[in-house]
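The values are calculated or read from the model by the stated rules, or taken from the named source; none is laboratory data. This one's a predicted model, so the numbers in the text were calculated from it and none came from an experiment. Positions of Cβ are generated from backbone atoms using ideal geometry, with glycine treated the same way; all protein chains shown enter the neighbour counts.
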Amino acid sequence: MNDKSYSPTSTLAWSNLETQASVANGVRITELFDADPQRVENLSVTSGELYLDFSKNLLSDKVWSALLALAGQSPLQSHRAAMFSGEPINNTENRAVLHAALRAELEDANSNAERNRIAQVKEQLQAVKRASDKIRAGQWLGSTGKAITDVVNIGIGGSDLGPKLACAALEEYSHAELNLHFISNVDGAEILTTLKRLNPETTLVALASKTFTTQETLLNAKTAINWFADTLGLDNAQSSSHFVGLTANPDNAMAYGIPEDQILEFAEWVGGRYSLWSSIGLSIAISIGFTQFEQMLAGAREMDLHFQQAPLESNMPVIMALLGIWYSNFLKVESTAVIPYCERLLLLPSYLQQLDMESNGKSTALNGEPVDYDTGAILWGQTGTNGQHAFFQLLHQGTRTVPIDFIAAAKDNLSNEEHHRVLLGNMLAQSSALMTGQAASEGQQHRFYPGNKPSNTLLLKQLSPKNFGALVALYEHKVFVQGSIWNINSFDQWGVELGKKMANELLGENAETAKFDPSTKALFAYIANNS
Ligand code: F6P
């Protein structure tokens, strides 16, 4: 089947999986363990310092073979080669998808074009190094000659979530005297309360926006500019040393007034939700230092190489993607949860929501036709052990099955032996209890735990910049694999455009409310009368 005529549902593997799903009801994970003493060895895989145990899944040998066959019968491998070589696989925007080039080394290049691209990336990252080194050394001075102590990243979506997650996750490596703040929401309470606590003389604003057109970011930027005017009497603060621009649209940033040498550029082929590896990651480099930032890139590159080179059956992103497809397309599971047993990964589920749901929440196939099967999973999550005291009740005894990714670091330098033992003991107990369940005695149905609830367990040796980079790249590629098999474009986001357009219509000077539906008109009127 060539790529143009491909549809996952017309593959032999898909029909085979449907047959397997029709008999899957009786399968118990614990019985699969009983039948195969080597199950853990067979269903676990390592990449660098990441270890994935996927043995606690509703995965028989037959299902596993059929899933691998689906990957083989899909355009996954040609699509992967096309992405890494820079073909415009984002077909609705005619763009290449090259976030992996942001962490590539010259030795990875297969052509002069690729070598030039990597060289250009390295040059752009040198600007990140220069700026972050200067700020960390206390040599970047505000308009009154004082060194910067606080950096406020203003951005939203990919221009916020990745850097915010990385700075929190890599707290262990953070600069002791620099404070990072992240403003994303257009809710004025967020920026106004943050600025109130800061000294404008020692504050630097990093305006992070791929397009430099985003409504929320530009309004927050205006509020910051006004704050500098009110507090320091600074006219056009965006042109002062208190602002840097991080963008793929330097013309817009310059037109906004940011001096050219304070604009850190990245290429248009970096998707917003894949941009933490670019100059959008300036706040990360400020927090942990450029050397550690490079370690993060090195970890992501290690995962890129694993994804390109490992056979499908031991390829971590492919395995996780196939399991997701098995659950959602065949066992009709509605959502999936990511539960890190690490408080510093609290923001990982939010980050993954954008990565996964903005990428694969699509219903048009690459050939422009509507799809007739489910795509993007609904992803949610929270850290353990907190989640145990909130929604785990539903996971254990509710009527729905929610496959879980448990994630933890085997070693944590910021914790101590006792805490870490209790934390990880809880995680292992939960995944085991969810799988094994427990019978109840007569009349005690409320004490019945059905079990058979699937999960992956992903262990990092520790939460180092390198392993963090590999973790994020793992999920990037998982999303890519699913998009390839579902035959959708994982790299556009047209779904967000209609809401933006209608917000502009509602907010225009002569708000065009007349054409809105009756409910919206009434709500608009209620707010107008009560604000
Ligand atoms: O509206 C969605 C989106 O385009 C995301 O994909 C992106 O990460 C975010 O907005 C912010 O865009 P920008 O970086 O251009 O401000």
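Details
- Selection status of Phe54, out of contact with any Pro (no Cβ under 6 Å at 6 or more places or on another chain), assigned by TED's automatic domain parsing to the domain that holds Ala433 and in contact (Cβ under 8 Å) with a residue 24 or more places away in the chain: yes
- Being touching a Phe, Trp or Tyr at 6+ places or on another chain (Cβ under 6 Å) and assigned to a loop (DSSP other than H, G, I, E, B) holds for only one residue in Ala408, Ala440, and it is Ala440.
- Conditions (1) hydroxyl-bearing (Ser, Thr, Tyr); (2) within 18 Å of the chain's Cα centre (by Cα); (3) assigned to a helix (DSSP H, G or I); number of the one not met by Ser490: (3)
- Scanning the range 223-257 for residues that are out of contact with any strand residue (DSSP E or B) (no Cβ under 7 Å at 6 or more places or on another chain), under 15 Å from Asn153 (Cα atoms) and surrounded by fewer than 18 Cβ atoms within 10 Å (Cβ to Cβ) turns up just one, Thr223.
- For Glu313, the criteria (1) more than 19 Å from the chain's Cα centre (by Cα); (2) within 14 Å of the ligand (Cβ to nearest atom) hold in every case but one, which is (2).
- Selection within the range 482-502 - touching a Lys or Arg at 6+ places or on another chain (Cβ under 9 Å), under 16 Å from Asp374 (Cβ atoms) and of a type outside the set (Gly, Ala, Ser): Trp486, Ile488
- Verdict on Ser209 being closer than 26 Å to Ala473 by Cα and either touching a strand residue (DSSP E or B) at 6+ places or on another chain (Cβ under 6 Å) or free of Cβ contacts under 8 Å to residues at least 12 places away in the same chain (or both): yes
- Test: residue in the range 110-117 that is part of a loop (DSSP other than H, G, I, E, B) and within 30 Å of Gly233 (Cα to Cα): no
- Of all the criteria given as (1) assigned by TED's automatic domain parsing to the domain that holds Gln20; (2) hydroxyl-bearing (Ser, Thr, Tyr); (3) within 14 Å of the ligand (Cβ to nearest atom), the one not satisfied by Tyr327 is (3).
- A count restricted to the range 378-404 and to residues that are part of a helix (DSSP H, G or I) and of a type outside the set (A, V, I, L, M, F, W, C) stands at 7.
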